[in-house]
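Participant: One structure is given below, represented as structure tokens, and several questions about it will come after.
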């Protein structure tokens, strides 16, 4: 039992270090990508609504970049980033902190999301613009939530103050968010922020992602409304004003409770037990007004004022280009990365128990590099092929003449796998008798492992 627990601990340490190394690499890449995206959206693509929104696709391969060859096979990668690899291996507790932060952040995010869904399902419903909506009394902007079943929530004060035409635009805007998969985009972004929690700027940059998605949604909604850009811009300003006025009257921008005038009872909206802040609703949902800041609304109004209808073929071409770009980024990242595991067919270790114990008694910590044991990872002495071990007998005796003194069989260890350079396991043995050593190729049987732990490590 004790031995089993020791194996479990070793496997857990291996898994923790393996994923922490990859997450660290992803975080380092995310910093570079964040600077690039924010710079391009403010310069080259400043007035390009669709192109600016497509820039965020550059983050698609970030979570897949942890095993890039760049970190181990280039001089720049080794010099700048190998320290993280060494740090995680030498100090396993750092890996525990990394994975623990993901677990805590993910749990908080999941609980808040589920509470929000529970809150929305408890709201009263009505029909507006031919669509079922949920009505709340919280001082928030209209929003939609739900990945599978999209639910549109409109505050009561917005519902009472808008005309049928204005409500139609609001509902259409939220439906467009669903059709364009913006709720899924936000979910993926939030997931990335959870996994890469050690880069807090990603959460802050989510504001700009939502701004760009809102601009795209505005363009689609205006076209669906018959190019009524002026009326649509007026509805956004009206919703923004209503939200700010109601927040000021409540004395707080937070979300609390309200008094039901008919029953005189205090009824909860989004309280401490659900979502504490309006900001969280804006981060977890697709909203109508978006960020509540004046600059954000001003940018949208200016974009609406410059609205130009895009032809059908241009929209189709833009969609194809976006899909192609996403595929190129994803496939390219996978091709430039280490595989889930790589079998080691060339190279191995040859030693005798006599020499191994001799090194141990002499206090030699690394007998493989002190002439006590032959370590060959070039593949010119030992290699594994067709389930058998092949040895160059002449080279073996040339590089390790002390084997001539051996009387017992020698052990040949080879095979196994590696997931990242310096991280692997497995492998098997073969036995080499002195009488079998001769010039030329020596072939001996290979006893490979049959270990479920190895299969687990290969699979992760």
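Participant: What do you reckon, is residue 52 over 28 Å from residue 339 (Cα atoms) and either in contact (Cβ under 8 Å) with a residue 40 or more places away in the chain or within 15 Å of the chain's Cα centre (by Cα) (or both)? Walk me through it before giving the result.
Facilitator: Numbers: over 28 Å from residue 339 (Cα atoms): yes; either in contact (Cβ under 8 Å) with a residue 40 or more places away in the chain or within 15 Å of the chain's Cα centre (by Cα) (or both): yes.
When the stated conditions are applied, residue 52 passes them.
Participant: Given the structure, is residue 363 surrounded by fewer than 19 Cβ atoms within 10 Å (Cβ to Cβ) and modelled with pLDDT under 75?
Facilitator: yes
Participant: If you take the residues in segment 380-401 that are surrounded by fewer than 20 Cβ atoms within 10 Å (Cβ to Cβ) and touching a helix residue (DSSP H, G or I) at 6+ places or on another chain (Cβ under 7 Å), which one is nearest to residue 346 (Cα to Cα)?
Facilitator: Filtering first and then ranking leaves 380.
Participant: Return the pair list, or none, for Cβ contacts closer than 6 Å from residues in segment 66-93 that are assigned by TED's automatic domain parsing to the domain that holds residue 31 to residues that are assigned to a loop (DSSP other than H, G, I, E, B), at least 6 apart or on different chains.
Facilitator: Close Cβ pairs (under 6 Å, with a partner that is assigned to a loop (DSSP other than H, G, I, E, B)) amount to 67/338; 68/336; 69/336; 72/421.
Participant: Could you please let me know if residue 62 is outside the structural domain of residue 136 (by TED's automatic domain parsing) and modelled with pLDDT under 90?
Facilitator: Considered against the rule, which asks whether it is outside the structural domain of residue 136 (by TED's automatic domain parsing) and modelled with pLDDT under 90, residue 62 comes out as no.
Participant: Quick check: anything in segment 99-106 at pLDDT below 90 and either crowded, with 16+ Cβ neighbours inside 10 Å or under 30 Å from residue 24 (Cβ atoms) (or both)? First the steps, then the outcome.
Facilitator: Here is the first cut: in segment 99-106, the residues at pLDDT below 90 are none.
No, segment 99-106 has no match at all.
The values are calculated or read from the model by the stated rules, or taken from the named source; none is laboratory data. Note that the coordinates shown come from a computational prediction; the quantities given were computed from them, not determined experimentally. With ideal geometry, Cβ positions are generated from the backbone for all residues, glycine too; neighbour counts draw on all protein chains shown.
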